[in-house]
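K.L.:
Structure provided below as structure tokens; questions to follow.
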Amino acid sequence: MSDLLNVDYGVGGVTTTMRSRPLGDDLHSETMILNLGPAHPATHGTVRLVVELSGEKIIDADVEVGYLHRGFEKMSEVVDYNQVMPYTDRLNYVSPLINNFGWCMTVEKLIGVEVPKRCQYIRVLLSEISRITDHLTCLGASAMELGAFTVMLYMMQAREYLWELIEEVTGARLTISYGRVGGLRADLTDGFGEKVLKAFKGVKDHLDNCDRLLSRNRIFMDRMCDVAPVTGEEAIAYSLSGPLLRASGVNYDVRKAFPYSSYEDFEFQVPLGTKGDNYDRFQVRLLEIEQSMKICEQAIKNMPEGPINLDDPHIVLAPKDEVYGSIDGMINHFELVIKGVEPPKGDVYLPVEGGNGELGYYTVSDGSGRPYRVHVRAPSFIHMGIMRKMLMGANIADVVPIFGMINMIGGECDR
């Protein structure tokens, strides 16, 4: 038998080689190469992991994320600024409202305008509801992949309460296209605040059940504690953000560091971990759900009156009675529909706190109604960079929970 067994694999004519190498221990004479995904149900059909095993221990890994390409950034350059909105829905499609509002605020910063206070509060309210649905999806799926199927059912039911609220306001559950440059598609429905508070009661009940089932469960803790620890210095070096960064004890939250959309008006805490292991990542997300509900309750209590859109026909479509009843209204309508919003020449970057971390848009304007250049700082794509390090030294059974706690969303990995 040769000393090295070369295993070639690749996509589209690009070949990578991992070598099975001899080991000098008593148990194993050589390592084994094992392929996981992209067809593996836990890799979402978009990620491939090739791991080198000594027994059940991972001693090397290769992570491929290039199994999905929609071309978000290039598609955004051939439509007007508002027509980018459906594309942002499909980045992190579990919390698309945050994607919408981040894009809107980026263009508004480019233009140099600020939306009315009521619009800002509605954006905060719906963003936090979206953050909760994002965390519920991550935690429920991760629990299910460890065998806690009941916890997944509880969390999916809790998420359902919130998706019904989102559907009531936006007209859709997932691909909502609700944001508009300069405002929103529509105001909140009547009695929406009371419905949110009622839904939160159901969410809290289900989370209490999940906490009792999982948080001190011996099997769950053995599977999650001290698995894939990441120090604060390592998290910063790998450009982590969001729950992954905060689980490692680094106190950074875009909503606190660079407040936007009136987040400075709200009181909330930033949960932090200590070890940066899978258990900390799970608990940080769980605690963030509680903080998001507190923000929503404050937004409902202090919701300002007033308009939800800017009063500028060069940015926001005129009301239909003006379009049908006056020549100026009709001209403004047609110009905005045909040409789109036309920001001045320049470039801008604006970050928001997405469900997975810092979601930022870098946009260049050439003065026309279409973006000249768009780049998205997608946290899921950046976070996959540390996965190899997290896998090293772990067991093969830890691959799925490690990947689950990264919470990679395929649409955000689009490259």
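The values are calculated or read from the model by the stated rules, or taken from the named source; none is laboratory data. Since this is a predicted model, take the numbers as computed values, not measurements. Reconstructed Cβ throughout: ideal geometry from the backbone, glycine too, with neighbour counts over all protein chains shown.
K.L.:
Step by step: first the residues of region 377-390, then only those that are crowded, with 23+ Cβ neighbours inside 10 Å and either among the hydrophobic types (A, V, I, L, M, F, W, C) or out of contact with any Cys (no Cβ under 7 Å at 6 or more places or on another chain) (or both), then the one that is farthest from Tyr67 (Cα to Cα). Which residue is that?
P.N.:
Met390
K.L.:
Which one of Val94, Val84, Val107, Val124 is within 18 Å of Glu264 (Cα to Cα) and touching a residue at least 40 places away in the same chain (Cβ under 8 Å)?
P.N.:
Val124
K.L.:
Could you please find all residues in region 64-85 being within 20 Å of the chain's Cα centre (by Cα) and not in a helix (DSSP H, G or I)?
P.N.:
Glu64, Val65, Gly66, Tyr67, Leu68, His69, Arg70, Gly71
K.L.:
Across region 109-136, what is the total count of residues that are in contact with a strand residue (DSSP E or B) (Cβ under 9 Å, 6 or more places away or on another chain), closer than 20 Å to Val84 by Cα and not in a helix (DSSP H, G or I)?
P.N.:
Total satisfying the criteria: 1.
K.L.:
May I pose another question? Among the helices (runs of 4 or more DSSP H) contained in region 327-406, which hold 2 or more residues that are within 20 Å of Asn100 (Cα to Cα), free of Cβ contacts under 8 Å to residues at least 40 places away in the same chain and not assigned by TED's automatic domain parsing to the domain that holds Met32?
P.N.:
The qualifying helices (runs of 4 or more DSSP H) are 327-339.
K.L.:
If you don't mind, there's one more thing I want to ask. Take Leu139 and decide whether it is of a type in the set (A, V, I, L, M, F, W, C), outside any loop (DSSP other than H, G, I, E, B) and closer than 27 Å to Val181 by Cβ.
P.N.:
no
K.L.:
Among the residues of region 274-302, which ones are buried (at least 17 other Cβ atoms within 10 Å of the Cβ) and assigned to a loop (DSSP other than H, G, I, E, B)?
P.N.:
Scanning region 274-302 gives Lys275, Gly276, Asp277.
K.L.:
Shifting gears a bit: Could you give me the residue pairs with C-beta distances under 7 Å whose first residue belongs to region 204-223 and is assigned by TED's automatic domain parsing to the domain that holds Glu288, whose second residue is surrounded by fewer than 16 Cβ atoms within 10 Å (Cβ to Cβ) and at pLDDT below 90 wherever it lies, and which are 6+ apart or on separate chains?
P.N.:
Taking only residues 6 or more apart or on different chains, not a single pair turns up.
K.L.:
Taking region 186-214, which residues are of a type in the set (Val, Ile, Thr) and outside any helix (DSSP H, G or I)?
P.N.:
Hit for region 186-214 is Thr189, nothing else.
K.L.:
Restricting to region 318-349, give me the number of residues that are aliphatic (A, V, I, L, M) and touching a helix residue (DSSP H, G or I) at 6+ places or on another chain (Cβ under 6 Å).
P.N.:
4
K.L.:
Consider region 229-264. How many of its residues are buried (at least 16 other Cβ atoms within 10 Å of the Cβ) and within 15 Å of Glu128 (Cα to Cα)?
P.N.:
9
K.L.:
Sticking with this one: Suppose we filter region 215-228 for residues that are surrounded by 18 or more Cβ atoms within 10 Å (Cβ to Cβ) and in a loop (DSSP other than H, G, I, E, B); how many remain?
P.N.:
Adding up the residues that qualify gives 2.
K.L.:
Take the conditions surrounded by fewer than 23 Cβ atoms within 10 Å (Cβ to Cβ) and closer than 26 Å to Ser292 by Cβ and apply them to Lys57. Does it pass?
P.N.:
no
K.L.:
Before we move on, is Tyr161 surrounded by 16 or more Cβ atoms within 10 Å (Cβ to Cβ) and within 22 Å of Leu359 (Cβ to Cβ)?
P.N.:
It is false that Tyr161 is surrounded by 16 or more Cβ atoms within 10 Å (Cβ to Cβ) and within 22 Å of Leu359 (Cβ to Cβ).
K.L.:
Looking only at region 87-141, filter to residues that are basic (Lys, Arg) and either within 20 Å of Met303 (Cα to Cα) or modelled with pLDDT of 95 or more (or both); which one of those is nearest to the chain's Cα centre (by Cα)?
P.N.:
This residue is Arg131.
K.L.:
Which one is surrounded by the most Cβ atoms within 10 Å (Cβ to Cβ), of the residues in region 333-351 that are closer than 30 Å to Val323 by Cα and under 28 Å from the mean Cα position of the chain (by Cα)?
P.N.:
Only one residue tops the list, namely Pro343.
K.L.:
Within the group Thr106, Thr88, which residue is assigned to a helix (DSSP H, G or I), surrounded by 24 or more Cβ atoms within 10 Å (Cβ to Cβ) and in contact with a strand residue (DSSP E or B) (Cβ under 6 Å, 6 or more places away or on another chain)?
P.N.:
After ruling out the rest, the residue left standing is Thr106.
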